[in-house]
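K.L.:
What follows is a structure written as structure tokens; I'll ask about it next.
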Amino acid sequence: MATGAFYYQDNIGNQRKLNDPNGYELHRVVMAAGELYNATDATVTLYADSDGWSGGDTMGPGDRKYSHAVYMSCRFGH
């Protein structure tokens, strides 16, 4: 399990977060273009599809970025 929170913007513009996300489990969430902040202790991989198969962008612990991409799922790992 990752400790901390991952912040993202959903497809209607609301700020959302995943608290203490389960590690290695695929989280199916829609992340629209916007600010992403990985305030967990684990690396997160972001996927363009909801099945976690479409190549992935990664963000390390503490990373913050503005993304123009839309992601449909993510997975946390150490």
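K.L.:
Going through the range 35-57 one residue at a time, which ones are out of contact with any Pro (no Cβ under 6 Å at 6 or more places or on another chain) and not in a strand (DSSP E or B)?
P.N.:
Across the range 35-57, the qualifying residues are 42, 48, 49, 50, 51, 52, 53, 54, 55, 56.
K.L.:
For the range 58-74, how many residues meet the condition of being outside any loop (DSSP other than H, G, I, E, B) and either surrounded by fewer than 17 Cβ atoms within 10 Å (Cβ to Cβ) or touching a Pro at 6+ places or on another chain (Cβ under 9 Å) (or both)? Can you show your working first?
P.N.:
If we filter the range 58-74 for residues that are outside any loop (DSSP other than H, G, I, E, B), which is where we start, we get 58-59, 64-67, 71, 73-74.
In the following step, the residues that additionally are either surrounded by fewer than 17 Cβ atoms within 10 Å (Cβ to Cβ) or touching a Pro at 6+ places or on another chain (Cβ under 9 Å) (or both) were identified as 58, 64-66, 74.
Selection size over the range 58-74: 5.
K.L.:
If you take the residues in the range 61-78 that are under 11 Å from the mean Cα position of the chain (by Cα) and among the aromatic types (Phe, Trp, Tyr), which one is nearest to residue 31 (Cα to Cα)?
P.N.:
Per the criteria, the residue is 71.
K.L.:
So which residues in the range 14-32 are more than 11 Å from residue 74 (Cβ to Cβ) and either among the aromatic types (Phe, Trp, Tyr) or open to solvent by 40 Å² or more (accessible area, probe 1.4 Å) (or both), if there are any at all?
P.N.:
Of everything in the range 14-32, those that are more than 11 Å from residue 74 (Cβ to Cβ) and either among the aromatic types (Phe, Trp, Tyr) or open to solvent by 40 Å² or more (accessible area, probe 1.4 Å) (or both) turn out to be 14, 15, 16, 17, 19, 20, 22, 24.
The values are calculated or read from the model by the stated rules, or taken from the named source; none is laboratory data. Note that this is a predicted model, so its numbers are computed, not measured. Positions of Cβ are generated from backbone atoms using ideal geometry, with glycine treated the same way; all protein chains shown enter the neighbour counts. Note: areas computed on protein heavy atoms with side chains; ligands, DNA, RNA excluded. Shrake-Rupley method; radii C 1.70, N 1.55, O 1.52, S 1.80 Å.
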